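The values are calculated or read from the model by the stated rules, or taken from the named source; none is laboratory data. Quick caveat: nothing in here was measured; it's all calculated off a predicted structure. Here the Cβ is made from the backbone with ideal geometry for all residues, glycine too, and neighbour counts use every protein chain on show.
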Amino acid sequence: MGIDARATGTAGVERYLDPATGDVMAIVVREDFRGGRYNFLTPDDFPMQLGVNFYGAGERIQPHVHVDVKRDVRVQQELLFLKRGRATLHLYTAQRELAHSVDVRAGDCVLLASGGHGLDILEHAQLIETKQGPYLGVGEKIKFGPP
């Protein structure tokens, strides 16, 4: 099923594509990913930017602030970090058809970029999630399929 597992040219990063449109549905960064110093894995126009950077002991990230920038975000993307446990991530097209099922485990990080998604928790899990705010309530999502 339409996986481009080496789209970044780097082992440990997988991109799952919509089989009909070729759009990126999800980017999975495996716990064992080892890249260069700076690894930005999303296109510049994504509303959620994902980077994995490596630093050595004793290095310093210079203190800084981010400037206020007004952004018009119309596409909700979500980042999941599976801190503990194991799960199967199901990726659905915009037409709510299953496109991919992906096993994820502790230490894996997933950027959900397009389409729908669901999870089957296989082992007790701690899942950290982040997405653009502000949160507008349960009306932000449409649930489908079996609970």
Q. In segment 123-147, what residues are of a type in the set (A, V, I, L, M, F, W, C) and either in contact with an Asp or Glu (Cβ under 8 Å, 6 or more places away or on another chain) or under 20 Å from Asp18 (Cα atoms) (or both)?
A. Ile142, Phe144
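If you take the residues of segment 122-140 that are exposed (fewer than 10 other Cβ atoms within 10 Å of the Cβ) and on the phi < 0 side of the Ramachandran plot, which of them is modelled with the highest pLDDT? Break it down stepwise before answering.
Initially, segment 122-140 is screened for residues exposed (fewer than 10 other Cβ atoms within 10 Å of the Cβ), giving 124, 133-140.
Keeping just the survivors that are on the phi < 0 side of the Ramachandran plot gives 124, 133-136, 138-140.
Details: His124: 98, Gly133: 83, Pro134: 81, Tyr135: 82, Leu136: 83, Val138: 77, Gly139: 80, Glu140: 84.
Among those residues, the one meeting the criterion is His124.
Filter segment 73-121 for residues that are basic (Lys, Arg) and under 23 Å from Gly137 (Cα atoms); which is surrounded by the fewest Cβ atoms within 10 Å (Cβ to Cβ)? So that I can check it myself, show each step before the final result.
Of the residues in segment 73-121, the ones basic (Lys, Arg) are 74, 83-84, 86, 96, 105.
Now restrict to residues that are under 23 Å from Gly137 (Cα atoms): 74, 96.
Working: Arg74: 6, Arg96: 11.
Only one residue tops the list, namely Arg74.
This table checks each residue for (1) closer than 18 Å to Gly22 by Cα; (2) at pLDDT 95 or above.
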position: Gly35; (1), (2): no, no
position: Phe40; (1), (2): no, no
position: His64; (1), (2): no, yes
position: Lys83; (1), (2): no, yes
position: Ala99; (1), (2): yes, yes
position: Asp103; (1), (2): no, yes
Q.
Tally up the residues in segment 65-124 that are free of Cβ contacts under 8 Å to residues at least 24 places away in the same chain, assigned to a loop (DSSP other than H, G, I, E, B) and within 21 Å of Arg30 (Cα to Cα), please.
A. 0
Q | Flag for Ala125 being farther than 16 Å from Glu14 by Cα, among the small types (Gly, Ala, Ser) and in contact with a Lys or Arg (Cβ under 7 Å, 6 or more places away or on another chain) | A | yes
Q | Within segment 37-48, tally of residues that are of a type outside the set (Phe, Trp, Tyr) and either over 24 Å from Ala106 (Cβ atoms) or assigned to a strand (DSSP E or B) (or both) | A | 6
